Structures are given as structure tokens and as C-alpha cells.
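Input: a single structure, listed below in C-alpha cells.
The values are calculated or read from the model by the stated rules, or taken from the named source; none is laboratory data. Because the structure is a prediction, the values reported are computed rather than measured. Cβ coordinates were reconstructed from backbone atoms using ideal geometry, including for glycine residues, and neighbour counts include every protein chain displayed. Heads up: the accessible areas ignore ligands, DNA and RNA and are worked out on the full protein's heavy atoms, side chains in. Shrake-Rupley method; radii C 1.70, N 1.55, O 1.52, S 1.80 Å.
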Amino acid sequence: GPYGLQILDVSDPSHPQVISQTYPLKYAMGVAVSGDYAFIAAAGAGLLVADVSDPSRPKEAASLETPGYAYGLCVKGKKIYLADGWEGLQIIDVSSPKKPKKLGKAKLPAWAFAVTVSGTRAYLACGAAGLRVVDVSTPSKPKVLSQDLDLYAYSTCARRIAFASGKAYVADEQTGLRVITLPTSRKQIQVGLYNPLGSARRLTVEGDLCVCSGRFTGDARGRRVRPESSARGCRL
């Protein structure tokens, strides 16, 4: 939201406490932490970097404007992969966190809301265009793959994505949680569907547990994921 980065003490999970804040006048649409730095997808402000080596006193460290609207990001090694709204995927070198540099970009057929990376591929949740896949083996020249592979036919509004055990878990604003396999053939396979919320806006996957939140109810539910156990979809 429009209050920047907040750091919370969750030693008592039932009573989280805000202990510090930085970039208080900026939007924080997504955040990822690597080492002593937090990287923030900051909407129209692009990428923000905060030094969080002392969590009680985070410091503004750097910023980098991007041409779109930064919704989400992930960190892999010394690179940031940023979902930049109508400008698609931005790849940023953060080998020196205080001096981030643009490496490459890839245009996509719809707004990019979220991104995750596995190996040499980036997976992006792109709203009405669903799941899109980009080859990032050469970061300076990322290559969009999924226009040719038809890797998404199910979604109506993909907003968030997680990748685990060869499957993409997609939070769909209209149809809930979808679990998609990503075979090497031209045809993707949906192996899971979970829709008790009527909508899914955010999600995270840890082991065989997926927690997703619904837009309309504000509900958050965690279930065990066994994607192949049902003809209809996943049993959560």
C-alpha cells in the first residue's frame, strides 16, 4: 500500500508488531529480501532498494525508475526480475545494490502483475493473457516463449504466481486457484482447481501447503496441495 516498507516483529505470530518503516510516502506493491537489502516494487516509482541490515533502522539505499508500473518482483542471485505492468518484464542487475542497472526487458501481450523464476525461465501472471513464459538464459535479451506455446487457456485474470515442483500455482481474480503443469509440448495441462473463495488475489506455496487470499471475502485459507488426486483439479 501507500506506506512504503514496514518491518514487523512476528516472534508472536498472533500479535505482529510494526518496528520500523522506510519510504513512507511510496507505494509498496511487492517486496523481496536478499542479504542486507530489501527490494521493493514501488508502482510508478519503479524499483526501490532499502538497507535492512539493522531492521530497527532501515535506510533508503537506491532507486531505479522503470517505464511501466512496478507490481511485483523476485530476486535470483544478483538479478531482479520485475513485473512492470504494461511494460512487461524488466531485468535489473543488483550486484551492487546501491547502483541497480537495467539489463534487459521483454514486452508481453497484457499487463504483468507478478513474476517468479525457475532455472532459465521467468513465469509471469499477466491478467487476461494468463500465464506467460520468458526465456531469461541471456538476461540482456530475454525471449518470450508462450505466445507460440499456448501455455495458458484457462485464466480470466491471472494476478499472482508461484512455482514449485514443476507446476505453476496461479491466483486468478475471477476463478480462484489454478494449478498448471508446464510440459515441453505445445499444450499445457491444468491439473488443479480450487474455488471456494470465488476469487484469488494472492498466494504463497511452501512444501505441500498453499495459502491464498480472496479479494471479495478477505479470507485466507491454507490447504494441502495434491494436484493429481482429482479429475476436476487439486484437493486442497
Filter the stretch 95-138 for residues that are assigned to a loop (DSSP other than H, G, I, E, B), among the charged types (D, E, K, R) and under 19 Å from Tyr37 (Cβ atoms) and give the result. Lys98, Lys99
Answer residue from the stretch 168-208, given it is among the charged types (D, E, K, R) and outside any strand (DSSP E or B) and is modelled with the highest pLDDT among those: Glu173
If you go through Leu47, Leu8, the only one that is under 15 Å from the mean Cα position of the chain (by Cα) and either exposed (fewer than 12 other Cβ atoms within 10 Å of the Cβ) or of a type outside the set (Gly, Ala, Ser) (or both) is Leu47
With the structure loaded, tell me whether Lys98 is farther than 24 Å from Pro2 by Cα and open to solvent by 30 Å² or more (accessible area, probe 1.4 Å) or whether it fails that test. no
Residue count, the stretch 11-30, condition closer than 21 Å to Gln90 by Cα and either in contact (Cβ under 8 Å) with a residue 60 or more places away in the chain or open to solvent by 80 Å² or more (accessible area, probe 1.4 Å) (or both), comes to 3
For residues that are open to solvent by 30 Å² or more (accessible area, probe 1.4 Å) and in contact (Cβ under 8 Å) with a residue 40 or more places away in the chain, tally how many sit in the stretch 77-89. 1
Looking at Ala38, Ala28, Ala45 in this structure, which one is under 25 Å from Ser118 (Cβ atoms) and assigned to a loop (DSSP other than H, G, I, E, B)? Ala28
Being over 24 Å from Lys26 (Cα atoms) and either among the basic types (Lys, Arg) or out of contact with any helix residue (DSSP H, G or I) (no Cβ under 7 Å at 6 or more places or on another chain) (or both) is the requirement here; does Asp135 meet it? yes
Consider only pairs whose beta carbons are under 8 Å apart and that are at least six residues apart or on different chains; among these, list those whose first residue lies in the stretch 47-76 and is touching a residue at least 60 places away in the same chain (Cβ under 8 Å) and of a type outside the set (S, T, N, Q) and whose second residue is open to solvent by 20 Å² or more (accessible area, probe 1.4 Å) and in a loop (DSSP other than H, G, I, E, B). Gly72/Met29; Gly72/Phe113
The lone exception for Gln21 - which of (1) part of a strand (DSSP E or B); (2) within 21 Å of the chain's Cα centre (by Cα) it fails: (2)
Arg160 vs (1) at pLDDT 85 or above; (2) over 17 Å from Thr204 (Cα atoms): all pass except (2)
List the pairs whose first member sits in the stretch 161-188 and is under 17 Å from Gly119 (Cβ atoms) and open to solvent by less than 20 Å² (accessible area, probe 1.4 Å), whose second member is among the charged types (D, E, K, R) and modelled with pLDDT of 80 or more, and whose Cβ atoms are under 7 Å apart, counting only residues at least 6 apart or on separate chains? Ile180/Lys167
If a residue has to be in contact with a Phe, Trp or Tyr (Cβ under 8 Å, 6 or more places away or on another chain) and open to solvent by 60 Å² or more (accessible area, probe 1.4 Å) to count, how many in the stretch 54-76 make the cut? 2
